[in-house]
Amino acid sequence: MGASQSEVVIIGGGLAGLACAVTLADREIPVSLYESRPRLGGRASSFADKQSEQLIDNCQHVSMGCCFEFNRFCETVGIADSFQRAAELYFVGPDSIGPDSNGRQFKVNRFAANPLLPSPLHLLPAFGGLSYLSWSDKIQLARGLKQLAIAIIDLENEPTIADWLVAHGQSSAVINRFWNVVLVSALSESLDRISLSHARKVFVDGFLRARDNWQVLIPTVPLEHLYGTVIQDYLKQRGSKISLQTGVENIRIDGQQVTGIQLRDGSEIDCPRVVLAVPYQRVFDLLPDEFPGREKLTGIQQLESAPITSVHLWFDREITSLPHAVFVDTLSQWMFNRSRLMQNASTESGYYYQVVISASHNLTGSARQGRTQSEIIGEVVRELAMIWPEANAAELLHSRMVTEHQAVFSVKPGVEQLRPSQHTQVEGLYLAGDWTSTGWPATMEGAVRSGIQAAEFLLADLDRPETILLPPAQSSFLSKILFRL
Ligand SMILES: Cc1cc2nc3c(=O)[nH]c(=O)nc-3n(C[C@H](O)[C@H](O)[C@H](O)COP(=O)(O)OP(=O)(O)OC[C@H]3O[C@@H](n4cnc5c(N)ncnc54)[C@H](O)[C@@H]3O)c2cc1C
C-alpha cells in the first residue's frame, strides 16, 4: 500500500491529544489526528443510553477554578459557556455526631465563601459550619490543614496521606468525614494509596492559594458535545484532519528518528513528527521493541490505576431540587441532578440523577463479594431515600451502573518518578497524556497541560520556541503569610 504524508500526526483523541492539536493548529501547524474509537474525548465522553434515549456521560466530569489550563482551553475552543460554575456546594452528613451509623438523620450543609473575608479566611465560616464535625474535630482539622500546607516533602521518600494524618493526630472521625470526602473525590483514590504531596496539592491549589480556586465547574451539555463536535469543527476549520475509528498499529522509528506510522488497516503514513497521546497501558504496544531512551519510559509499567463507578438513575419525580451534593459517611460520594444541570433537559424519560463513587475498588472484582449491580444500585437508592425521603415514594424508572476500571492512575508515593517527560530521545516522538509528567493527578487539567507541554517541545524542535503554559498562579497575600505559599 502506498504511503501518504503528514507533517504532524497525533495518536489519540482524548483531551491530551486534542489540547496538543488545538495548540499547534492555533499556530498554523495543522495536524492529522487518529482516534481508534468512533468519537473524540477519550475517557471523558458520552454514549447513547437506549432506554432513556439520552446521550449520557460515561461519568460526570467536573473541573475546578484552579484548573487554569483546562479552563483556558475551553475558552479558546468556545465551550466555556457550557459549564456552570458552582459557587455553593452542599455537604450532606449525618446530623448526629458520633460513630453510630444506625438511624441517623442527614443534614444538608451549605458551603460557600464569605464575601467579606479575605482569601483564604473566606472559607473558614463554611468549614466551621459543617454540622457533622464537632468543634474539637474542627480545631483538629484546622491544625492538620496548616501542618499540611507548610509541610516540606521529600518526594523520594514520602508517606501516604493516610499514614501522615494518623501521625499528625487526626482522629478517625475527622479522617472519614473530612479528609476522605475531599481527597477521594479529588484524586479518585483511597487515602492509603494517595501520596502526601498529591494530597497537599489538592488543599493548597484548591482551597488555600486563591479565592475562587475551590469552585466547581460542571458541564451543562453531554461531554460528547463539548469534546466531540465543537472541537472537531474547530480543528477542521484550521486545516487539521480528524480520522475517527482509525486505530494506529505502530510507530515507525528508523535509528534515532520517527519516520511514520502504520494504521490498523495496514496503510502507511510517512511523518517526521508523532505525538503519542494514548493511555499509558497502550504506549508500548505502539512502539518497536527497541528504540533510543526506551528505559526512560519503563516507569509507566509500574503505574497502577483506580476505578470510578457512576450510578445513573431515572425517577418518576424530582427527589431533590439541589443541583448537586457531596455525601459524608455513605457509599455514594457525589450526586449530580442532571435534569437541573443540563441545558434543555427533558424529563420525558424521568428525572435523571447521577451518583459517582470514586476509588470504587470495593465494587469491582473479588472485593465486590458477590454483590450484583442491582444490589449496589439498591444501596445507592436507599442512601438517597435516607437523605431525601421523597425518593421513598418515587418510582425508579430506569437505572444503570458504569464502572471505568482504569479510570485514573493512582497517585501513590513515588508516582512522580515514574511519569515520563513529553519529550523523548527519539527525534520527532513526543508523549502526551494525563500520565506524563505534569505534576497534576489524572484530570482533564493534567491531560490538557500534557498536550500543551508536548506542543511546546515540538515547537522548540521546529525552532519556534514559545512558553505557552501559564505561569504558576499567584498566592493571595494572606496565604503567603499564613502558609508560606
Ligand atoms: C469515570 C471517570 C471519571 C472522571 N472524572 C473526572 C473529573 O471529574 N474531572 C477530571 O478532571 N477528570 C476526570 N477524569 C479523568 C479524565 O477523564 C482523564 O484524566 C482525561 O480525560 C485523560 O485524557 P487523556 O487524553 O490523557 O487520555 P484518554 O482520554 O484516555 O485518551 C486517549 C485516547 O487514545 C485513544 N487510543 C488508544 N489507543 C489508540 C490507537 N492505537 N490508535 C488511535 N487512538 C488510540 C483512545 O481511544 C482515547 O480516546 C475521570 C475519568 C474517568 C474514567
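General observations
- Of the residues making up the stretch 122-147, those that are touching a Pro at 6+ places or on another chain (Cβ under 8 Å) and either under 15 Å from Ser479 (Cβ atoms) or loosely packed, with under 14 Cβ neighbours inside 10 Å (or both) number 1.
- For the stretch 207-232, the set of residues classified as closer than 12 Å to Ser119 by Cα and touching a helix residue (DSSP H, G or I) at 6+ places or on another chain (Cβ under 8 Å) consists of Phe207, Leu208, Arg209, Ala210, Arg211, Asn213, Trp214, listed by residue number.
- Filter result for Val448 (of a type in the set (A, V, I, L, M), in a loop (DSSP other than H, G, I, E, B) and within 13 Å of the ligand (Cβ to nearest atom)): no
- The numbered conditions (1) outside the structural domain of Pro30 (by TED's automatic domain parsing); (2) open to solvent by less than 60 Å² (accessible area, probe 1.4 Å); (3) out of contact with any His (no Cβ under 6 Å at 6 or more places or on another chain) are all true for Ser321 except (2).
- Test: residue in the stretch 65-88 that is more than 14 Å from the ligand (Cβ to nearest atom), at pLDDT below 95 and outside the structural domain of Ser185 (by TED's automatic domain parsing): yes
- Close pairs (8 angstrom Cβ cut-off, 6 or more residues apart or separate chains): near the ligand (Cβ under 6 Å from one of its atoms) in the stretch 16-45, among the hydrophobic types (A, V, I, L, M, F, W, C) and part of a loop (DSSP other than H, G, I, E, B) anywhere: Ala16/Ala277; Ala16/Ala432; Gly17/Ala277; Gly17/Ala432; Glu35/Leu244; Arg37/Leu244
- Elements of type strands (runs of 3 or more DSSP E) in the stretch 283-368, at least 3 residues being away from the ligand (no atom under 16 Å from the Cβ) and in contact with a Leu (Cβ under 8 Å, 6 or more places away or on another chain): 305-315
- Filter pass, Pro389 being open to solvent by 10 Å² or more (accessible area, probe 1.4 Å), within 25 Å of the chain's Cα centre (by Cα) and either under 25 Å from Phe284 (Cα atoms) or without any contact (Cβ under 8 Å) to a residue 60 or more places away in the chain (or both): no
- Within the stretch 417-434, residues that are away from the ligand (no atom under 13 Å from the Cβ) have Cβ atoms under 6 Å from residues that are of a type in the set (Gly, Ala, Ser) in these pairs: Leu418/Gly299; Ser421/Ser437; Thr424/Gly293; Gln425/Gly293; Tyr430/Ala454, counting only partners at least 6 apart in sequence or on another chain.
The values are calculated or read from the model by the stated rules, or taken from the named source; none is laboratory data. Since the model is a prediction, treat every value here as computed from it, not as a measurement. As a convention, Cβ positions derive from the backbone with ideal geometry for all residues, glycine included, and neighbour counts pool all protein chains shown. The area values use the complete protein model at the heavy-atom level, side chains included, leaving out ligands, DNA and RNA. Shrake-Rupley method; radii C 1.70, N 1.55, O 1.52, S 1.80 Å.
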